[in-house]
1. Do you know which of the residues in segment 12-54 that are more than 10 Å from ligand 1 (Cβ to nearest atom) and acidic (Asp, Glu) is farthest from VAL207 (Cα to Cα)?
2. Within segment 287-324, track down each residue that is crowded, with 16+ Cβ neighbours inside 10 Å and among the aromatic types (Phe, Trp, Tyr).
3. In segment 122-138, how many are assigned to a helix (DSSP H, G or I), touching a residue at least 12 places away in the same chain (Cβ under 8 Å) and more than 25 Å from the chain's Cα centre (by Cα)?
4. Could you look through segment 13-26, keep only residues that are in contact (Cβ under 8 Å) with a residue 60 or more places away in the chain and out of contact with any Cys (no Cβ under 9 Å at 6 or more places or on another chain), and pick out the one that is nearest to ligand 2 (Cβ to nearest atom)?
5. Taking only pairs six or more apart or across chains, which ones have beta-carbon atoms under 9 Å, a first residue in segment 156-170 that is in the same structural domain as GLY52 (by TED's automatic domain parsing) and under 19 Å from PRO38 (Cβ atoms), and a second residue that is aromatic (Phe, Trp, Tyr) and away from ligand 1 (no atom under 12 Å from the Cβ)?
6. So if I check each of PHE62, PHE13, PHE94, which one is in contact with an Asp or Glu (Cβ under 6 Å, 6 or more places away or on another chain) and either over 27 Å from SER232 (Cα atoms) or in the same structural domain as GLN215 (by TED's automatic domain parsing) (or both)?
7. State which residue pairs qualify: first residue farther than 16 Å from LYS43 by Cα and inside segment 198-213, second residue part of a strand (DSSP E or B) in any location, beta carbons under 6 Å apart, and separation of 6 or more residues or different chains.
8. Filter segment 39-67 down to residues that are over 20 Å from LYS15 (Cβ atoms) and either among the aromatic types (Phe, Trp, Tyr) or touching a strand residue (DSSP E or B) at 6+ places or on another chain (Cβ under 7 Å) (or both) and give me whichever is nearest to ligand 2 (Cβ to nearest atom).
Amino acid sequence: MTAHLDIKSAQKFYKKYKAVDNVNLSIKKGEFVTILGPSGSGKTTLLKLIAGFEELNDGAIFLDGQDITKKKAYDRNIGMVFQNYALFPHMTVFDNIAYPLRLRNVMKANIKEHVIRALQTVRLEEFASRYPNQLSGGQQQRVALARAIVFNPPLLLLDEPLGALDKNLRHQMQYEIKHIQQSLGITTVNVTHDQEEALTMSDRICVMNKGRIEQIDTPERLYNFPKSKFVSAFIGEINLLQCELIHLEAGMAVVKLNDGQVAKVRVEQSDVAVQTAALIAIRPENIHVVRDGAVFTNMHELTVLEKTYVGESFRIEGTTKTRERLTIKLPYASSREIAVGDEIRIGWNAHEASLVPDEVTVQNDTADIRGAAKIS
Ligand code: ADP
Ligand code: MG
(Lines give C-alpha, C1' and ligand atoms only; values in the text may rest on other atoms or scores of the structure.)
(Ligands and ions follow the chains in the order given, each with its own letter.)
Protein backbone atom coordinates (compact mmCIF):
# COMPACT_ATOMS: atom_id res chain seq x y z
CA MET A 1 0.00 0.00 0.00
CA THR A 2 1.32 3.43 -0.83
CA ALA A 3 1.52 6.01 1.90
CA HIS A 4 -1.37 8.40 2.26
CA LEU A 5 0.95 11.34 2.81
CA ASP A 6 4.45 11.01 1.45
CA ILE A 7 7.07 13.69 1.96
CA LYS A 8 10.20 13.11 -0.08
CA SER A 9 13.52 14.86 0.56
CA ALA A 10 11.78 18.09 1.58
CA GLN A 11 14.05 21.14 1.82
CA LYS A 12 13.08 24.61 2.88
CA PHE A 13 15.47 27.53 3.20
CA TYR A 14 14.84 30.96 4.63
CA LYS A 15 17.68 32.77 2.89
CA LYS A 16 20.66 30.53 3.77
CA TYR A 17 19.03 29.00 6.83
CA LYS A 18 17.76 25.46 6.40
CA ALA A 19 14.48 25.37 8.34
CA VAL A 20 13.59 21.94 6.92
CA ASP A 21 16.55 19.78 5.98
CA ASN A 22 16.02 16.71 3.81
CA VAL A 23 12.89 15.45 5.53
CA ASN A 24 11.42 12.09 4.47
CA LEU A 25 8.17 11.06 6.07
CA SER A 26 5.47 8.59 5.04
CA ILE A 27 2.16 8.54 6.84
CA LYS A 28 -0.48 5.85 6.45
CA LYS A 29 -4.18 6.48 6.00
CA GLY A 30 -5.88 7.06 9.34
CA GLU A 31 -2.59 7.40 11.20
CA PHE A 32 -1.99 10.03 13.90
CA VAL A 33 1.59 11.27 13.64
CA THR A 34 3.08 13.92 15.88
CA ILE A 35 6.00 16.11 14.91
CA LEU A 36 7.81 16.70 18.18
CA GLY A 37 10.74 19.05 18.68
CA PRO A 38 12.00 22.10 20.52
CA SER A 39 11.07 25.61 19.48
CA GLY A 40 12.69 26.54 16.17
CA SER A 41 13.26 22.95 15.05
CA GLY A 42 11.18 23.42 11.88
CA LYS A 43 7.86 21.87 12.91
CA THR A 44 5.61 24.71 11.76
CA THR A 45 7.60 25.12 8.56
CA LEU A 46 7.11 21.42 7.76
CA LEU A 47 3.38 21.73 8.42
CA LYS A 48 3.17 24.83 6.21
CA LEU A 49 4.90 22.93 3.42
CA ILE A 50 2.29 20.17 3.69
CA ALA A 51 -0.55 22.72 3.80
CA GLY A 52 0.85 24.68 0.87
CA PHE A 53 1.43 27.93 2.78
CA GLU A 54 5.13 27.71 2.00
CA GLU A 55 6.85 26.42 -1.12
CA LEU A 56 9.52 23.71 -1.09
CA ASN A 57 13.01 24.59 -2.32
CA ASP A 58 13.53 20.94 -3.14
CA GLY A 59 11.72 17.61 -2.77
CA ALA A 60 8.11 16.62 -3.28
CA ILE A 61 4.90 15.96 -1.39
CA PHE A 62 2.33 13.35 -2.38
CA LEU A 63 -1.18 13.01 -1.00
CA ASP A 64 -3.04 9.83 -1.90
CA GLY A 65 -0.51 9.12 -4.61
CA GLN A 66 -0.98 12.52 -6.22
CA ASP A 67 1.89 15.00 -6.46
CA ILE A 68 0.63 18.13 -4.67
CA THR A 69 4.00 19.91 -4.53
CA LYS A 70 2.91 22.65 -6.91
CA LYS A 71 -0.72 22.84 -5.84
CA LYS A 72 -2.10 25.95 -4.18
CA ALA A 73 -3.08 25.62 -0.53
CA TYR A 74 -6.78 25.89 -1.31
CA ASP A 75 -6.68 23.11 -3.91
CA ARG A 76 -5.03 20.72 -1.47
CA ASN A 77 -8.27 20.68 0.52
CA ILE A 78 -6.49 20.09 3.85
CA GLY A 79 -8.03 20.89 7.26
CA MET A 80 -5.92 22.90 9.66
CA VAL A 81 -6.04 24.11 13.29
CA PHE A 82 -3.56 26.60 14.73
CA GLN A 83 -2.53 27.51 18.25
CA ASN A 84 -4.16 30.94 18.17
CA TYR A 85 -7.74 29.96 17.49
CA ALA A 86 -8.04 32.20 14.42
CA LEU A 87 -11.84 32.12 14.46
CA PHE A 88 -13.60 35.00 12.73
CA PRO A 89 -14.66 37.17 15.70
CA HIS A 90 -17.58 38.81 13.87
CA MET A 91 -19.14 35.47 12.87
CA THR A 92 -21.21 33.10 14.98
CA VAL A 93 -20.00 29.59 15.69
CA PHE A 94 -22.33 28.33 12.95
CA ASP A 95 -20.99 30.78 10.37
CA ASN A 96 -17.39 30.09 11.35
CA ILE A 97 -17.90 26.39 10.73
CA ALA A 98 -19.96 27.01 7.57
CA TYR A 99 -17.21 29.23 6.13
CA PRO A 100 -15.14 26.51 4.39
CA LEU A 101 -18.35 25.06 2.91
CA ARG A 102 -19.48 28.42 1.52
CA LEU A 103 -16.01 28.90 0.10
CA ARG A 104 -16.48 25.60 -1.71
CA ASN A 105 -19.96 26.58 -2.96
CA VAL A 106 -21.73 23.81 -1.09
CA MET A 107 -25.51 24.10 -1.50
CA LYS A 108 -27.25 26.00 1.26
CA ALA A 109 -29.49 23.09 2.24
CA ASN A 110 -26.46 20.86 2.73
CA ILE A 111 -24.47 23.43 4.68
CA LYS A 112 -26.75 23.20 7.70
CA GLU A 113 -26.56 19.43 7.81
CA HIS A 114 -22.75 19.40 7.61
CA VAL A 115 -22.34 22.15 10.23
CA ILE A 116 -24.67 20.40 12.66
CA ARG A 117 -22.82 17.15 12.23
CA ALA A 118 -19.48 18.88 12.86
CA LEU A 119 -20.96 20.61 15.94
CA GLN A 120 -22.14 17.25 17.24
CA THR A 121 -18.70 15.76 16.68
CA VAL A 122 -17.10 18.41 18.91
CA ARG A 123 -20.08 18.40 21.34
CA LEU A 124 -21.08 22.03 20.83
CA GLU A 125 -24.60 21.67 19.38
CA GLU A 126 -25.97 24.22 21.87
CA PHE A 127 -23.46 26.89 20.92
CA ALA A 128 -24.24 27.49 17.23
CA SER A 129 -25.46 31.05 17.64
CA ARG A 130 -22.74 32.26 20.01
CA TYR A 131 -19.81 34.44 19.02
CA PRO A 132 -16.18 33.36 19.67
CA ASN A 133 -15.73 35.83 22.56
CA GLN A 134 -18.64 34.13 24.35
CA LEU A 135 -16.73 30.84 24.45
CA SER A 136 -13.95 29.46 26.65
CA GLY A 137 -10.54 28.70 25.19
CA GLY A 138 -11.29 24.99 24.98
CA GLN A 139 -14.62 25.63 23.27
CA GLN A 140 -12.99 27.97 20.77
CA GLN A 141 -10.48 25.24 19.87
CA ARG A 142 -13.34 22.78 19.42
CA VAL A 143 -14.97 25.22 16.98
CA ALA A 144 -11.66 25.55 15.16
CA LEU A 145 -11.51 21.76 14.96
CA ALA A 146 -15.10 21.57 13.66
CA ARG A 147 -14.25 24.13 11.01
CA ALA A 148 -11.20 22.10 9.97
CA ILE A 149 -13.11 18.82 9.53
CA VAL A 150 -16.51 20.06 8.25
CA PHE A 151 -15.57 19.64 4.58
CA ASN A 152 -14.26 16.07 5.06
CA PRO A 153 -10.62 16.80 4.27
CA PRO A 154 -8.35 13.82 3.58
CA LEU A 155 -5.79 15.21 5.99
CA LEU A 156 -5.90 17.19 9.24
CA LEU A 157 -2.98 19.36 10.34
CA LEU A 158 -2.76 20.58 13.94
CA ASP A 159 -0.14 23.17 14.93
CA GLU A 160 0.11 23.24 18.72
CA PRO A 161 -3.68 23.58 18.98
CA LEU A 162 -3.65 23.11 22.74
CA GLY A 163 -0.69 25.34 23.51
CA ALA A 164 -2.76 28.18 24.91
CA LEU A 165 -4.86 26.01 27.24
CA ASP A 166 -4.16 25.27 30.90
CA LYS A 167 -2.86 21.85 31.86
CA ASN A 168 -6.10 20.12 32.91
CA LEU A 169 -8.01 21.34 29.90
CA ARG A 170 -5.12 20.38 27.65
CA HIS A 171 -5.27 16.78 28.91
CA GLN A 172 -9.02 16.63 28.39
CA MET A 173 -8.73 18.08 24.88
CA GLN A 174 -5.92 15.65 23.99
CA TYR A 175 -8.26 12.82 24.80
CA GLU A 176 -11.14 14.42 22.89
CA ILE A 177 -9.12 15.19 19.77
CA LYS A 178 -7.72 11.66 19.72
CA HIS A 179 -11.24 10.26 20.10
CA ILE A 180 -12.62 12.43 17.29
CA GLN A 181 -9.63 11.61 15.06
CA GLN A 182 -10.19 7.89 15.58
CA SER A 183 -13.94 7.98 15.05
CA LEU A 184 -13.48 9.92 11.78
CA GLY A 185 -10.46 7.83 10.79
CA ILE A 186 -8.83 11.01 9.52
CA THR A 187 -5.09 11.04 8.81
CA THR A 188 -3.60 13.61 11.17
CA VAL A 189 -0.28 15.40 11.55
CA ASN A 190 0.00 17.10 14.92
CA VAL A 191 2.78 19.47 15.94
CA THR A 192 3.89 19.94 19.53
CA HIS A 193 6.92 20.64 21.71
CA ASP A 194 5.21 18.79 24.60
CA GLN A 195 6.64 15.27 24.86
CA GLU A 196 3.85 14.04 27.10
CA GLU A 197 1.23 15.13 24.56
CA ALA A 198 3.17 13.37 21.82
CA LEU A 199 3.46 10.15 23.83
CA THR A 200 -0.21 9.99 24.77
CA MET A 201 -1.81 10.96 21.45
CA SER A 202 0.29 9.50 18.67
CA ASP A 203 0.48 6.31 16.68
CA ARG A 204 3.97 7.43 15.73
CA ILE A 205 6.18 10.33 16.71
CA CYS A 206 8.62 12.07 14.44
CA VAL A 207 11.29 13.85 16.49
CA MET A 208 12.76 16.95 14.82
CA ASN A 209 15.92 18.79 15.72
CA LYS A 210 17.41 21.66 13.73
CA GLY A 211 15.26 21.00 10.69
CA ARG A 212 16.06 17.31 10.57
CA ILE A 213 14.24 14.18 11.60
CA GLU A 214 16.15 12.44 14.38
CA GLN A 215 13.85 9.44 14.73
CA ILE A 216 10.40 8.25 13.68
CA ASP A 217 8.88 5.56 15.86
CA THR A 218 5.96 4.50 18.02
CA PRO A 219 5.80 6.27 21.42
CA GLU A 220 6.87 3.09 23.18
CA ARG A 221 9.84 2.43 20.96
CA LEU A 222 10.93 6.05 21.05
CA TYR A 223 10.93 5.97 24.84
CA ASN A 224 12.63 2.60 25.16
CA PHE A 225 14.93 2.61 22.14
CA PRO A 226 16.09 6.18 21.54
CA LYS A 227 18.58 6.27 18.68
CA SER A 228 20.37 9.47 19.61
CA LYS A 229 21.44 11.48 22.61
CA PHE A 230 19.03 14.21 21.57
CA VAL A 231 16.00 11.90 21.42
CA SER A 232 16.90 10.15 24.68
CA ALA A 233 17.18 13.45 26.52
CA PHE A 234 14.22 15.19 24.86
CA ILE A 235 11.74 12.46 25.75
CA GLY A 236 11.47 11.64 29.41
CA GLU A 237 14.33 11.61 31.88
CA ILE A 238 17.55 9.81 31.07
CA ASN A 239 20.95 8.94 32.50
CA LEU A 240 23.83 9.05 30.06
CA LEU A 241 26.92 7.07 31.02
CA GLN A 242 30.09 7.54 29.04
CA CYS A 243 31.68 4.44 27.61
CA GLU A 244 33.70 3.04 24.77
CA LEU A 245 32.35 0.39 22.43
CA ILE A 246 34.67 -2.61 22.51
CA HIS A 247 32.81 -5.01 20.28
CA LEU A 248 29.40 -6.25 19.18
CA GLU A 249 28.06 -9.74 19.65
CA ALA A 250 24.60 -11.18 18.94
CA GLY A 251 22.47 -8.10 19.58
CA MET A 252 24.68 -7.00 22.43
CA ALA A 253 27.29 -4.26 22.74
CA VAL A 254 30.20 -4.88 25.05
CA VAL A 255 31.43 -1.55 26.37
CA LYS A 256 34.03 -0.25 28.78
CA LEU A 257 32.84 2.27 31.33
CA ASN A 258 34.91 5.12 32.76
CA ASP A 259 35.82 3.06 35.83
CA GLY A 260 37.25 0.34 33.61
CA GLN A 261 34.33 -1.97 34.27
CA VAL A 262 32.93 -3.86 31.30
CA ALA A 263 29.17 -3.60 30.75
CA LYS A 264 26.70 -5.04 28.27
CA VAL A 265 23.95 -3.16 26.48
CA ARG A 266 21.41 -4.50 24.06
CA VAL A 267 21.63 -3.02 20.56
CA GLU A 268 19.31 -3.42 17.61
CA GLN A 269 21.02 -1.29 15.11
CA SER A 270 23.80 1.00 16.14
CA ASP A 271 25.40 4.08 14.67
CA VAL A 272 28.36 3.64 16.97
CA ALA A 273 31.68 2.48 15.55
CA VAL A 274 33.82 0.00 17.45
CA GLN A 275 36.49 1.64 19.62
CA THR A 276 34.76 4.99 19.67
CA ALA A 277 33.16 6.86 22.55
CA ALA A 278 29.46 6.30 23.13
CA LEU A 279 26.79 6.82 25.74
CA ILE A 280 24.66 4.31 27.57
CA ALA A 281 21.17 5.74 27.97
CA ILE A 282 19.23 4.38 30.97
CA ARG A 283 15.87 5.57 32.27
CA PRO A 284 15.80 6.32 36.03
CA GLU A 285 13.10 3.67 36.54
CA ASN A 286 15.30 0.99 34.96
CA ILE A 287 18.00 1.23 37.61
CA HIS A 288 17.35 -1.03 40.60
CA VAL A 289 18.78 -1.60 44.05
CA VAL A 290 20.64 -4.90 44.28
CA ARG A 291 19.25 -6.90 47.18
CA ASP A 292 19.12 -10.46 48.42
CA GLY A 293 21.55 -11.76 45.87
CA ALA A 294 19.60 -10.37 42.93
CA VAL A 295 21.62 -10.42 39.75
CA PHE A 296 21.69 -7.79 37.03
CA THR A 297 23.78 -7.70 33.87
CA ASN A 298 25.54 -4.58 35.12
CA MET A 299 26.14 -3.49 38.71
CA HIS A 300 27.78 -0.44 40.36
CA GLU A 301 28.27 1.27 43.68
CA LEU A 302 26.42 4.54 44.13
CA THR A 303 26.79 7.15 46.85
CA VAL A 304 23.44 8.74 47.64
CA LEU A 305 23.58 12.55 47.45
CA GLU A 306 19.91 13.44 47.52
CA LYS A 307 16.63 11.71 48.15
CA THR A 308 13.28 13.21 47.27
CA TYR A 309 9.81 11.87 47.84
CA VAL A 310 7.79 12.18 44.62
CA GLY A 311 4.51 10.54 45.50
CA GLU A 312 4.52 6.99 44.25
CA SER A 313 8.31 6.69 44.40
CA PHE A 314 11.57 8.11 45.64
CA ARG A 315 13.94 9.94 43.38
CA ILE A 316 17.55 9.40 44.29
CA GLU A 317 20.48 11.37 42.99
CA GLY A 318 23.83 9.76 43.42
CA THR A 319 27.34 9.61 42.17
CA THR A 320 29.40 6.67 40.96
CA LYS A 321 33.02 5.97 41.85
CA THR A 322 34.06 7.89 38.75
CA ARG A 323 31.86 10.83 39.79
CA GLU A 324 29.18 10.33 37.20
CA ARG A 325 25.79 11.56 38.36
CA LEU A 326 22.89 9.15 38.19
CA THR A 327 19.22 9.68 38.86
CA ILE A 328 17.20 6.66 39.87
CA LYS A 329 13.54 6.18 40.66
CA LEU A 330 12.71 3.54 43.22
CA PRO A 331 9.38 2.22 44.47
CA TYR A 332 8.47 3.66 47.87
CA ALA A 333 8.46 0.38 49.78
CA SER A 334 11.85 -0.82 48.58
CA SER A 335 13.74 2.40 49.20
CA ARG A 336 12.31 3.81 52.44
CA GLU A 337 15.39 3.01 54.48
CA ILE A 338 17.95 4.44 52.04
CA ALA A 339 19.51 7.63 53.42
CA VAL A 340 21.68 10.41 52.08
CA GLY A 341 25.34 9.41 52.42
CA ASP A 342 24.63 5.68 52.06
CA GLU A 343 26.60 3.63 49.63
CA ILE A 344 24.21 1.37 47.75
CA ARG A 345 24.65 -1.26 45.10
CA ILE A 346 22.62 -0.65 41.98
CA GLY A 347 22.04 -2.72 38.90
CA TRP A 348 20.51 -2.53 35.46
CA ASN A 349 19.95 -5.07 32.76
CA ALA A 350 21.36 -5.00 29.26
CA HIS A 351 17.88 -4.91 27.73
CA GLU A 352 16.83 -1.93 29.87
CA ALA A 353 19.33 0.48 28.33
CA SER A 354 20.43 1.58 24.89
CA LEU A 355 23.65 2.64 23.30
CA VAL A 356 23.67 5.98 21.50
CA PRO A 357 26.46 7.86 19.71
CA ASP A 358 28.21 10.52 21.78
CA GLU A 359 27.56 13.03 19.07
CA VAL A 360 29.14 16.40 18.75
CA THR A 361 26.50 19.09 18.47
CA VAL A 362 26.24 19.93 14.79
CA GLN A 363 25.35 23.36 13.52
CA ASN A 364 22.36 23.46 11.25
CA ASP A 365 24.26 24.75 8.26
CA THR A 366 27.38 22.60 8.50
CA ALA A 367 27.87 19.25 6.89
CA ASP A 368 26.65 16.14 8.64
CA ILE A 369 29.54 14.99 10.78
CA ARG A 370 27.67 12.14 12.40
CA GLY A 371 29.25 9.91 9.84
CA ALA A 372 30.19 7.03 12.09
CA ALA A 373 30.35 3.76 10.24
CA LYS A 374 27.04 1.94 10.27
CA ILE A 375 27.09 -1.35 12.06
CA SER A 376 24.13 -3.58 12.55
P1 ADP B 1 9.01 25.49 15.20
O2 ADP B 1 7.60 25.48 14.71
O3 ADP B 1 9.60 24.13 15.37
O4 ADP B 1 9.18 26.30 16.45
P5 ADP B 1 9.57 26.98 12.77
O6 ADP B 1 9.27 26.04 11.68
O7 ADP B 1 8.55 28.02 13.05
O8 ADP B 1 9.94 26.18 14.10
O9 ADP B 1 10.94 27.71 12.46
C10 ADP B 1 12.13 27.02 12.12
C11 ADP B 1 13.24 28.02 11.89
O12 ADP B 1 12.98 28.78 10.72
C13 ADP B 1 13.39 29.02 13.02
O14 ADP B 1 14.76 29.27 13.22
C15 ADP B 1 12.70 30.25 12.50
O16 ADP B 1 13.27 31.41 13.04
C17 ADP B 1 12.92 30.16 11.01
N18 ADP B 1 11.81 30.76 10.27
C19 ADP B 1 10.52 30.36 10.31
N20 ADP B 1 9.75 31.09 9.48
C21 ADP B 1 10.58 31.99 8.91
C22 ADP B 1 10.41 33.05 7.93
N23 ADP B 1 9.22 33.30 7.40
N24 ADP B 1 11.51 33.76 7.58
C25 ADP B 1 12.73 33.49 8.09
N26 ADP B 1 12.96 32.51 8.98
C27 ADP B 1 11.92 31.77 9.40
MG1 MG C 1 5.85 26.29 15.55
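The values are calculated or read from the model by the stated rules, or taken from the named source; none is laboratory data. Just so you know, these numbers come straight off a predicted model, no measurement behind them. We place every Cβ from the backbone using ideal geometry, glycine too, and count neighbours over all the protein chains shown.
1. GLU31
2. Scanning segment 287-324 gives PHE296, PHE314.
3. The qualifying residues number 3.
4. Step by step, filter segment 13-26, then rank; the result is ALA19.
5. Close Cβ pairs satisfying both conditions: PRO161/TYR85; ALA164/TYR85.
6. On inspection, the qualifying residue turns out to be PHE62.
7. Close Cβ pairs satisfying both conditions: ASP203/PHE32.
8. Restricting to residues being over 20 Å from LYS15 (Cβ atoms) and either among the aromatic types (Phe, Trp, Tyr) or touching a strand residue (DSSP E or B) at 6+ places or on another chain (Cβ under 7 Å) (or both), the top hit is LEU47.
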